[in-house]
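Contents: one structure, followed by commentary.
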Amino acid sequence: MSKYEIGKSIEDVKAESGDITIHKMSSNENPYGPSPKAIEAIKSTFNELNYYPPRDDSKTTQALAKHFGRGLTASNFTTGNGAVDLINLLENAMFKEGESNSIVICPPCFGSYAATAKLKGAKVIEHALDPETFDIDSAGIANSITEDTRLVYVCNPNNPTGSYFDQTALIQILDSIPENVTLVYDEVYYHFATEFEMPDAIQCVLDKRNIVILHSFSKSYGLAGMRMGYAIASEEIIEKLRKRKLSFQNDSISMAAMQAGLADTDFLDKVIKNNTEQRSWLREQLAALGIRFWPSQANFICFEAPNGKPASEIVSRLLPYGVMVRAAFYLPNHVRVSIGQPESNQQFIKAMSEIITKLNGAEK
């Protein structure tokens, strides 16, 4: 299993490459930044930062319940310091103290699933995606579950591959795992799945299935710097998480930004439209360059490093062009590029074209 390593910052790259225009396409961030309404909401809190925030997140969970509707209530939501914080809360709630614990993950996948579990001494069991297609083995995941398994993690659309699965696969997973095992359904990229019908995971919550949905404000809402995420689950599971949260776990600024961003549908529509159009354009350009890539319904594309090179070499070769990408988790020969605004995408393709030309010339 590969080690999870954080990506470089823009400041890191400027220190290495000089004062050039940087196109950060490495961390799946929103190229438009935050919603203007979220920014105004943030500013509105400045004069009251001497006061403590609300002790809990009830106003935010009420806003989330109103946003989703469908009979969900505030009791079906809890917030955290990003999805990673919620993963930590889930493990604290579901792991059994003094006993062995394990989780099942489906690599290549988000590195924090394994990282947080290992910090608690839990065993990480890998049930890999198909190595050619990155399809999930929905029928076979249960075969990897042991008697001390507490959580099964699946991501849809999946990070870093961009692959995705449908309602039939989700129900198959839920039907096959024991009742004492909780399915963690990481759906932080769901807004970007505009060319595919995503599973109705909320209906599974309403049916009181043993599932926790993870969402984030880091991606489509452009608030990655504020670390905000939320979980959707049955009242019983949410209560277990809330019991393990600290008082004042969410600050005033984050909660204001979250509520305002949630309400700014025009901004969200703009972000999703750009992503859909530019994802299609990037696919066409990668195909024209002869680069192998995988279908994606996220805000990034996973591609194979050309000419058999390691991903780390392509990452390094792109930096002088001001383009930041990253090697895909668990995949030493695959690169993940985030979808940006047209200018960034064009610079990335220009750089890749020149890199391939140089690589081909060196081989002759």
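The values are calculated or read from the model by the stated rules, or taken from the named source; none is laboratory data. Quick caveat: nothing in here was measured; it's all calculated off a predicted structure. As a convention, Cβ positions derive from the backbone with ideal geometry for all residues, glycine included, and neighbour counts pool all protein chains shown. The accessibility values were calculated without ligands, DNA or RNA, using every heavy atom of the protein model including side chains. Shrake-Rupley method; radii C 1.70, N 1.55, O 1.52, S 1.80 Å.
Once the Cβ-Cβ distance of ASP19 and SER176 is raised to the sixth power relative to R0 = 56 Å, the FRET efficiency obtained is 0.55.
Here the Karplus relation 6.51 cos²θ - 1.76 cosθ + 1.60, evaluated at θ = phi - 60°, turns the backbone of the stretch 213-230 into coupling constants of 8, 10, 10, 9, 9, 6, 9, 5, 8, x, 10, 4, x, 9, 6, 10, x, 8 Hz, with x for every Gly and Pro.
Full extension of the chain segment joining ASP166 with ASN333 gains 57.4 nm, where the gain is 0.36 nm per residue of separation less the Cα-Cα distance. At full extension, ASN92 and PHE196 could sit 34.0 nm farther apart than now, given 0.36 nm per residue minus the alpha carbon distance.
Using bins of 10 Å that start at zero, the share of Cα-Cα pairs per bin across the stretch 247-347 amounts to 13, 37, 25, 19, 6, 0, in whole %. Under the combined filter of DSSP loop state and at most 10 neighbouring Cβ atoms within 10 Å, the stretch 209-269 retains these trypsin sites (Lys or Arg not before Pro): LYS243. Placing a pseudo-label 7 Å from each Cα along the Cα-to-Cβ vector at GLU126 and TYR51 gives an inter-label distance of 5.1 nm. When the listed pairs LYS66/LYS120; LYS120/LYS240; LYS66/LYS96 are checked against a 24 Å cut-off, the alpha-carbon distance exceeds it for LYS66/LYS120; LYS66/LYS96.
Taking every DSSP bridge with both residues inside the chain, close to 45 percent are antiparallel. For the stretch 239-282 versus the stretch 27-46, the spacing of their alpha-carbon centroids is 10 Å. For the stretch 263-334, the solvent-accessible area of protein heavy atoms averages 40 Å² per residue (probe radius 1.4 Å; ligands and nucleic acids excluded). The accessible surface of the stretch 85-199, taken with every protein chain in place and a 1.4 Å probe, is 46 percent carbon and sulfur. Can you flag which of LYS219/LYS350; LYS24/LYS358; LYS208/LYS245; LYS243/LYS273; LYS270/LYS309; LYS245/LYS270 are past 28 Å Cα-Cα? As for pairs spanning more than 28 Å Cα to Cα, those are LYS243/LYS273; LYS270/LYS309; LYS245/LYS270. Per-peptide packing, taken as the mean over residues of other Cβ atoms within 10 Å, places 342-350, 104-112 in the sequence 104-112, 342-350 from highest down.
Ordering of 322-329, 41-48, 170-177 by packing is 322-329, 170-177, 41-48, highest average first (other Cβ atoms within 10 Å, averaged per residue). Projecting the Cα atoms of PRO342, THR21, PRO131 onto the dipole axis of the chain, where Lys and Arg carry +1 and Asp and Glu carry -1 at the beta carbon, places THR21 farthest toward the positive end. If the chain linking LYS66 and GLU99 were pulled fully straight, counting 0.36 nm for each residue of separation and taking away their Cα-Cα distance, it would gain 7.9 nm. Each of ASP207 and ILE272 was given a label point 7 Å from its Cα along the Cα-to-Cβ line. The distance between the two points is 2.4 nm. When peptides 20-29, 193-202, 158-167 are ranked by their average number of other Cβ atoms within 10 Å per residue, the highest-first order is 158-167, 20-29, 193-202. Calculated FRET efficiency, GLU239 to SER353, Cβ-Cβ distance, R0 = 45 Å: about 0.25 to the nearest 0.05. Restricting the GluC sites (Glu not before Pro) of the stretch 111-194 to loop positions (DSSP other than H, G, I, E, B) with no more than 11 neighbouring Cβ atoms within 10 Å leaves GLU132, GLU147, GLU179.
Please state the shape class of the stretch 132-279: rounded when a/c is under 1.5, otherwise prolate if a/b exceeds b/c and oblate if not, all from the C-alpha gyration tensor. In terms of gyration-tensor shape, oblate.
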